[in-house]
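To start, the structure under review is shown below, and the notes come after it.
The values are calculated or read from the model by the stated rules, or taken from the named source; none is laboratory data. The shown structure was predicted, so the numbers you read here are calculated from the model rather than taken from an experiment. A quick note on method: Cβ atoms are made from the backbone with ideal geometry, for glycine too, and the neighbour counts reach across all protein chains shown.
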Amino acid sequence: MQNKCLMACLMVRVMPEADLIVQALLDPGRTSSLGYQQWDLLIRQGRRANLLGKLAGCLAENDLMESIPDAPHRHLISALKMANRQGLAIRWEVSRIAKAMSLFGIDLILLKGAAYVLAELPCSSGRTFSDVDILVPKARIVDAENALRIHGWQSGHHDEYDQRYYRQWMHEIPPMMHVRRGTTIDVHHAILPETARIKVNTAALFKNVLPLKGFNNVFVLEPIDMVLHSATHLFHEGELDNGLRDLFDLDSMLRNFSHNEGFWAGLLPRASELGLERPLFYAIRFTSTLLSTPIPENLLHELSKAGPSFWVSHLMTACYKRALRPNHSSSSPRWTWLARKILYIRSHWMKMPMGLLVRHLAHKALISRRAETLEIAAERERDA
Amino acid sequence: MHPFVVRVRSDISRLADDICLMYADFPVLDPGEFADFHVEVSFERGIRRWLKPLARFYFDGRPSFIPLPAQQAFPMLEWGINWCVAAHSHNFLIIHAAVIERDGKAIILPAPPGSGKSTLCAALINRGWRLLSDELALYDMAENLVYGMARPVNLKNASIKIVSAFAPDVIMTPAVPDTTKGTVALMRPPQASVFRIAEPAEPAMIVLPNYQHGADPLLELHGKAQTFMLIADQSFNYNVHGRAGFDAVGELVERCRCVRFTYSCLEHAEQVFDGLLDGSCHA
């Protein structure tokens, strides 16, 4: 009872006057009453939050494009064209990756943006992205890297420390870029670093995957796991420039999958099995409070036990309600910079034990100092 | 700068002078109007501010590009606006080309930097041709019409003196030395071109300028296939349009006479261009 009251009281306090981009995405019909100044702001917020393509897609689906004044209409069309093009490009990219992997007999799981597009989920409409994320079993990671190398992908990180940072501590190998197409791929073997505070049951994640039509070695996570991965990713992320977009992904998935039988009932048990209750707690809290995502009452109640302590909960709410907004001057009230800083430090703290974190940051600080010294020395040499 | 509205913010007073000088004939809108791009060019803070001041370009509050010496503020603003347009206006096919017009017919001058397209364009717009653009051709794929923004013409190095000598009445910004493109000056667009800014033109010819020191003027037919590849290569967003982009470039090249024009003297060039559209000058 007490928990419920607390939740209700937090919800009231969290709900600020929502940003224009959030209002427009939740209630597209409202855009018909916008004046030029509001359109100006809406386009800017949408562009900054990487949600302009989604807004255009959403307005088009609701047959509202025609009523939009010319000037903002052009920007929406532009963003939609870009997003559609990326959608096409990502399909081609996945087909190349699948081909490279098939020669080594490797099965791969698509994650995030690429998965949403290939699985044709509503949240992929108008979405843009910068790379493809895949997950392969840890035992096959060397083969996967070789397969990609043979087919034209190269690793950009040659520095010895970076190599060790990724290979020993992270959950992925250094990002690889295709030499001709310039596309980037992140190859993961887990969804969180090995050093992270939360221990994920990665083996269980591989069990329920769904095959993707048209391929024999490409899979996506099943709906519940997709939500859990998306939540884990967002609430371990240190730089939240795309935070609001990722929250909208979660909102869209929750609304979409709520029609699946057993989705809501299976969410928390599966989160417990994988060790991801806390990310699920945050995902549900912030989609429901910031984007009014409908969540069954009993899940809200059960999840209240998965939350952090009273003070941490307050701090996280205070930080995320500021950081999960467009990183734009119009939606950055006082203390937003501090909230972003705290979440950045938290994300590192979540991913590494303290000793390693100190070592990592010290190394980064020293290296950048050394690089600077080398640069100055080189400059002097040139001058002389 | 039809079809776009830019809102500029700056703490550099010299930049305001340059804008007033170059955009004198452009309308100034009410702050309540929709602006396509909110940009800012401002001094970098810190001790350098008082020694060797640097300025930085911001796109809607986000710093873009590396800071440059403050005296390059106006060229930087122009390059920044070019980038804003090229990266966010996929409703057009955007071609890196100069465009001039006479009698409703447009000549597109695509070319890699250094081929003398801006010089040629600057000369011709002072001899009866209308300026659409010296840098970005906005091709409306549905209407087969090309739009320009009639913005200031970017002149580099020796061109600055050549154009001043060719058209002594032109108004230019002071030359800014030591930019990444050498010494740069911008030329105010002719008033008549600015007043007709909203008028598109139908592409009639694609002319590849080729400046060669001491060469006699020479017009040669340029293969349609080669021209296609050049236009595709010089488009900023050809790949964004996919199939539609391929069809549009095909249509554009099909409709236009495609020639390569070698020249060394602007007076000769002017004569050749005078005869281009009426058919009296053949390749």
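Quick check on this structure: which one of B:SER64, B:SER89, B:SER115 is at pLDDT 90 or above and over 12 Å from the mean Cα position of the chain (by Cα)?
B:SER89
Being within 14 Å of another protein chain (Cβ to nearest Cβ), surrounded by fewer than 21 Cβ atoms within 10 Å (Cβ to Cβ) and free of Cβ contacts under 8 Å to residues at least 12 places away in the same chain is true for just one of B:ARG45, B:ARG49, B:ARG62. Which residue is that?
From the options B:ARG45, B:ARG49, B:ARG62, the qualifying one is B:ARG62.
Only helices (runs of 4 or more DSSP H) wholly contained in segment B:41-142 count here; list those with 2 or more residues that are in contact with a Pro (Cβ under 8 Å, 6 or more places away or on another chain), of a type outside the set (S, T, N, Q) and under 23 Å from B:LEU155 (Cα atoms).
Fully inside segment B:41-142 and qualifying: B:117-124.
So A:ASP186 ticks every box in (1) closer than 28 Å to A:ALA271 by Cα; (2) without any contact (Cβ under 8 Å) to a residue 40 or more places away in the chain; (3) in a strand (DSSP E or B) but one. Which box is left unticked?
Against the list (1) closer than 28 Å to A:ALA271 by Cα; (2) without any contact (Cβ under 8 Å) to a residue 40 or more places away in the chain; (3) in a strand (DSSP E or B), A:ASP186 comes up short only on (2).
Quick check on this structure: which one of B:PHE37, B:PHE74 is buried (at least 20 other Cβ atoms within 10 Å of the Cβ), in contact with a His (Cβ under 9 Å, 6 or more places away or on another chain) and not assigned by TED's automatic domain parsing to the domain that holds B:LEU138?
Every option except B:PHE37 fails the conditions.
Could you tell me whether any residue of segment B:94-103 is within 14 Å of another protein chain (Cβ to nearest Cβ), free of Cβ contacts under 8 Å to residues at least 60 places away in the same chain and within 23 Å of the chain's Cα centre (by Cα)?
Within segment B:94-103, not a single residue is within 14 Å of another protein chain (Cβ to nearest Cβ), free of Cβ contacts under 8 Å to residues at least 60 places away in the same chain and within 23 Å of the chain's Cα centre (by Cα).
State yes or no: is B:ARG56 away from chain A (no Cβ under 12 Å) and either without any contact (Cβ under 8 Å) to a residue 60 or more places away in the chain or over 22 Å from B:VAL176 (Cβ atoms) (or both)?
yes
Filtering segment B:1-37 down to residues that are more than 21 Å from B:TRP83 (Cα to Cα) and acidic (Asp, Glu), which residue is nearest to the other protein chains (Cβ to nearest Cβ)?
B:GLU33
So for segment B:148-159 (the condition being part of a helix (DSSP H, G or I) and either in the same structural domain as B:ALA24 (by TED's automatic domain parsing) or in contact (Cβ under 8 Å) with a residue 12 or more places away in the chain (or both)), does at least one residue qualify?
Yes, some residue in segment B:148-159 is part of a helix (DSSP H, G or I) and either in the same structural domain as B:ALA24 (by TED's automatic domain parsing) or in contact (Cβ under 8 Å) with a residue 12 or more places away in the chain (or both).
Taking the options A:VAL227, A:VAL179, A:VAL200, name whichever one is crowded, with 19+ Cβ neighbours inside 10 Å and more than 16 Å from the chain's Cα centre (by Cα).
A:VAL200
Tell me, which residue of segment A:203-224 that is more than 21 Å from the chain's Cα centre (by Cα) and not in a loop (DSSP other than H, G, I, E, B) is surrounded by the fewest Cβ atoms within 10 Å (Cβ to Cβ)?
By that ranking, first place goes to A:LYS207.
If you go through segment B:119-127 one residue at a time, do you hit one that is under 20 Å from B:SER235 (Cβ atoms) and surrounded by fewer than 22 Cβ atoms within 10 Å (Cβ to Cβ)?
No, segment B:119-127 contains no residue that is under 20 Å from B:SER235 (Cβ atoms) and surrounded by fewer than 22 Cβ atoms within 10 Å (Cβ to Cβ).
Within segment A:53-82, which residues are more than 9 Å from chain B (Cβ to nearest Cβ), free of Cβ contacts under 8 Å to residues at least 60 places away in the same chain and closer than 25 Å to B:ARG62 by Cα?
Once the filter is applied, which keeps residues that are more than 9 Å from chain B (Cβ to nearest Cβ), free of Cβ contacts under 8 Å to residues at least 60 places away in the same chain and closer than 25 Å to B:ARG62 by Cα, segment A:53-82 yields only A:LEU76.
List pairs: first in segment A:27-49 and within 14 Å of chain B (Cβ to nearest Cβ) and farther than 18 Å from A:SER332 by Cβ, second small (Gly, Ala, Ser) and assigned to a loop (DSSP other than H, G, I, E, B), Cβ under 6 Å, 6+ apart or cross-chain?
A:GLN37/B:GLY32
Would you mind stating whether A:ARG85 is within 14 Å of another protein chain (Cβ to nearest Cβ), within 22 Å of the chain's Cα centre (by Cα), of a type in the set (Lys, Arg) and not in a loop (DSSP other than H, G, I, E, B)?
yes
Among the residues of segment A:318-330, write down those that are surrounded by fewer than 22 Cβ atoms within 10 Å (Cβ to Cβ) and not charged (D, E, K, R).
A:ALA318, A:CYS319, A:ASN327, A:HIS328, A:SER329, A:SER330
Inside segment B:204-223, can you point out the residues that are touching a helix residue (DSSP H, G or I) at 6+ places or on another chain (Cβ under 6 Å) and either within 15 Å of B:LEU109 (Cα to Cα) or hydroxyl-bearing (Ser, Thr, Tyr) (or both)?
B:ILE206, B:PRO209, listed by residue number.
Every residue, every condition in (1) modelled with pLDDT under 95; (2) of a type outside the set (Asp, Glu), yes or no:
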position: B:PRO177; (1), (2): yes, yes
position: B:VAL194; (1), (2): no, yes
position: B:ALA215; (1), (2): yes, yes
position: B:GLU220; (1), (2): yes, no
position: B:ASN239; (1), (2): yes, yes
position: B:LEU276; (1), (2): yes, yes
position: B:ALA283; (1), (2): yes, yes
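Is it true that some residue in segment B:180-194 is surrounded by fewer than 17 Cβ atoms within 10 Å (Cβ to Cβ), in contact with a Gly (Cβ under 7 Å, 6 or more places away or on another chain), in contact (Cβ under 8 Å) with a residue 60 or more places away in the chain and under 23 Å from B:ILE107 (Cα atoms)?
Looking for residues that are surrounded by fewer than 17 Cβ atoms within 10 Å (Cβ to Cβ), in contact with a Gly (Cβ under 7 Å, 6 or more places away or on another chain), in contact (Cβ under 8 Å) with a residue 60 or more places away in the chain and under 23 Å from B:ILE107 (Cα atoms), one finds none in segment B:180-194, hence no.
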